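Working notes for the structure below.
The values are calculated or read from the model by the stated rules, or taken from the named source; none is laboratory data. Everything numeric here is computed off the predicted structure, so don't read it as measured data. Here the Cβ positions follow ideal geometry from the backbone for every residue, glycine too, while neighbour counts run over all protein chains shown.
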Amino acid sequence: MRRVAITPRPDWRERARKLGFGFAEIDGDPYWDEHAYWRFSADEIDALDDATAELQRLCLAAAEHAVRQDRHETLGIPPHAWPLVVRSWDAREPSLYGRMDLRWDGSGPPLLLEYNADTPTALYEASVVQWEWLTTVFPGADQFNSIHERLIATWKDGAWPATVHFTCMPQSDEDRTTVDYLRDTAMQAGLQAPFLALGDIGWDGARFLDLGNRPIEACFKLYPWEFLLADAFGAHIAAARTRWIEPAWRLLLAGKGLLVLLWELFPGHPNLLPAFRERGRTGGPEIGKPLFAREGANVVAPGLSTGGPYGGQPMVWQRYAELPRVDGRYPVLGSWVVGGVPCGLGIREDATPITTDASRFVPHCFNPPGKDLLR
């Protein structure tokens, strides 16, 4: 595993535009960054795949324990939402996808930093954009990336109604691109996939409706569960028959409280870091994270901290494992799980050890066994 400097393609902006990648640059700064790529060996990719599968197993075991032992306080899930979460888990409502953020430098086991199990972004660039880069820059090389195929296969598994609505706050270019990409994969699987802005969802006293007054049987929402439950119509969710994607049980995994529960259930596991709700128990330097926060906001780490809108929340304290620093950048490895199966890797780099909304996405690749196609 190493970072390799490379000259960007002269037409990368035009290529991004043709792919519909409207946030390749943000406020004039590159988000998609072709000045380098990460090169792995096939064995290293296998190690990431295995670690992700193992962590997925642990997370599902922790979810089962949480439900049976009523651990909503540990996970930070409010009591009024707990019956909905339990019902969703017991019904085994299907999940579509998630992203595990890992700390790894190619030596030792990959370490789980957190699980983005509810509304993960960076999907389109991990699935489509970096694959297009690979096919033009290193044709014949390989990439840990079957995300697109897994999404279509998961939609095809028969667990969804014929029509799935898709919603988000349309003001966000990143969110709308992610939702439109997922709509495309659903349509390739044979589903109807209309878009409906979050604010246009209606309620008739018994059902959620679209603008044509049609019942919403299933809805993919790029909108966090903790926000949804706090909204005015959140009280109607338990009574309605709409199936949500991600389902309510993903709240068991989406908050940082999961890190505490994992360490309690599997202490010393090589892919986990010590984590507690109380400060000073990890046995070393600690990083503090709000129970429910995103994009590195309101994080407290040795020698640095970030601002953001989540400062009033309780904290989880995790043993601090600083990201490796290479060429002045700190990479975090986003390992994708679709339909419960590890299937891809996306790497974001930041100028600081805390990965924020100012990070950049850098592609990766590896040589197929027996070949040497990379420089």
Considering segment 159-208 alone, what residues qualify as being surrounded by 20 or more Cβ atoms within 10 Å (Cβ to Cβ), in a loop (DSSP other than H, G, I, E, B) and at pLDDT 95 or above? VAL164, CYS168, ALA193, LEU196
Of the criteria (1) farther than 24 Å from ASP90 by Cβ; (2) surrounded by 14 or more Cβ atoms within 10 Å (Cβ to Cβ); (3) of a type in the set (S, T, N, Q); (4) in contact (Cβ under 8 Å) with a residue 24 or more places away in the chain, which one THR242 fails: (1)
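I need a count of the residues in segment 206-229 that are in contact with an Asp or Glu (Cβ under 7 Å, 6 or more places away or on another chain) and aromatic (Phe, Trp, Tyr).
Step one: list which residues in segment 206-229 are in contact with an Asp or Glu (Cβ under 7 Å, 6 or more places away or on another chain), which gives 211, 216, 222, 224-225.
When the remaining residues are screened for being aromatic (Phe, Trp, Tyr), the result is 225.
So the answer is 1.
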If I ask for residues that are surrounded by fewer than 23 Cβ atoms within 10 Å (Cβ to Cβ) and under 22 Å from GLU25 (Cα atoms), which ones from segment 92-120 would you list? THR119
Residues in segment 250-257: is at least one in contact with a Leu (Cβ under 6 Å, 6 or more places away or on another chain), crowded, with 21+ Cβ neighbours inside 10 Å, assigned to a loop (DSSP other than H, G, I, E, B) and not acidic (Asp, Glu)? yes
The residue from LEU228, LEU211 that alone is at negative phi and part of a loop (DSSP other than H, G, I, E, B) is LEU211
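Within segment 117-127, does at least one residue satisfy the condition of being over 21 Å from the mean Cα position of the chain (by Cα) and either touching a residue at least 40 places away in the same chain (Cβ under 8 Å) or more than 13 Å from TRP336 (Cα to Cα) (or both)? Spell out the reasoning first.
Taking segment 117-127 as the starting set, the residues that turn out to be over 21 Å from the mean Cα position of the chain (by Cα) are none.
There is no residue in segment 117-127 that is over 21 Å from the mean Cα position of the chain (by Cα) and either touching a residue at least 40 places away in the same chain (Cβ under 8 Å) or more than 13 Å from TRP336 (Cα to Cα) (or both).
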Only one of (1) out of contact with any strand residue (DSSP E or B) (no Cβ under 8 Å at 6 or more places or on another chain); (2) of a type in the set (Gly, Ala, Ser); (3) in contact (Cβ under 8 Å) with a residue 12 or more places away in the chain; (4) closer than 18 Å to VAL338 by Cα fails for GLY158. Which number is that? (3)
